[in-house]
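Chemist: Just dropping this structure here.
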Amino acid sequence: TAVDVKNSAFTTIKDNFIGFINRIGGKGTAGNIKGDGIFVDNSDNAVIAKNTITETSSTGYPNGSGIQVLNSDGVTIGGETEKDGNIITNAGWDGIRVADNSNLTVRNNSILNITLNGIYAGNTTTGTFADNSVTTSSLAGYGAVSIDGGSNIRVLRNDVNDSRGSGIWLRNTT
């Protein structure tokens, strides 16, 4: 994991490049970040914006996402405008993975070439997933945007292209 935040309220993770680009002329080796690009756990009111994350690799379930947020309240991933969004490419698990959160906003993120789901949310209470772009998510049977369990969920204006599964997949939500 490149950025690891635990038990820290009101944290801002912004304007970072996480991954590897050969500045002389090309992309670095695939999967050079072992685990998640950004991992946040039990950290309320975090803001994760304007980051570029590339080449994460899975080290086992459920690690290897571009951004993973667990057990937190009031987190914003991306923001109000496209300029606030995160750019996530070549993730070894999900582009953005969130679970057991409340009052969550995932907005204006660009996600490309992901092994599983572009965005996955499990057991989220009051969540908005809006204005995200997901291109090429590879897991058949789920979706580019997958919501599995939760209540008061809003999925709005997302742009989905080239998903092996559903474009938007919702299960067990109220």
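Chemist: Could you please state how large a percent of the accessible area of the range 25-130 is carbon and sulfur, counting protein chains only and using a 1.4 Å probe?
Modeler: With neighbouring chains kept in place, the figure for the range 25-130 is 48 percent.
Chemist: Sticking with this one: Going by a ≥ b ≥ c, the root eigenvalues of the Cα gyration tensor, does the range 94-133 fall in the rounded group (a/c under 1.5), the prolate group (a/b larger than b/c) or the oblate group?
Modeler: Taking the square roots of the gyration eigenvalues as a ≥ b ≥ c, the range 94-133 is oblate.
Chemist: Could you please put PHE10, PHE39, PHE17, PHE129 in sequence from largest to smallest accessible area, using a 1.4 Å probe?
Modeler: PHE10, PHE17, PHE39, PHE129
Chemist: Student exercise: in the chain, how many lysine pairs 8 or more apart or on different chains have Cα atoms under 19 Å apart?
Modeler: 5
Chemist: Right, something else. Place the peptides 103-113, 79-89 in order of packing, highest mean first, counting for every residue the other Cβ atoms within 10 Å and averaging per peptide.
Modeler: 103-113, 79-89
Chemist: Follow-up. Taking the structure as given and computing mean projected area of the Cα convex hull in nm², which label from (1) 14.5; (2) 8.8; (3) 10.5 fits?
Modeler: Of the labelled values, this structure produces (2).
The values are calculated or read from the model by the stated rules, or taken from the named source; none is laboratory data. What you are looking at is a predicted structure, and each value in this text was computed from that prediction instead of being measured. Note: ideal-geometry Cβ built from the backbone for every residue, glycine included; neighbour counts use all protein chains shown. Accessible surface is based on the protein model in full, side chains and every heavy atom, while ligands, DNA and RNA are left aside. Shrake-Rupley method; radii C 1.70, N 1.55, O 1.52, S 1.80 Å.
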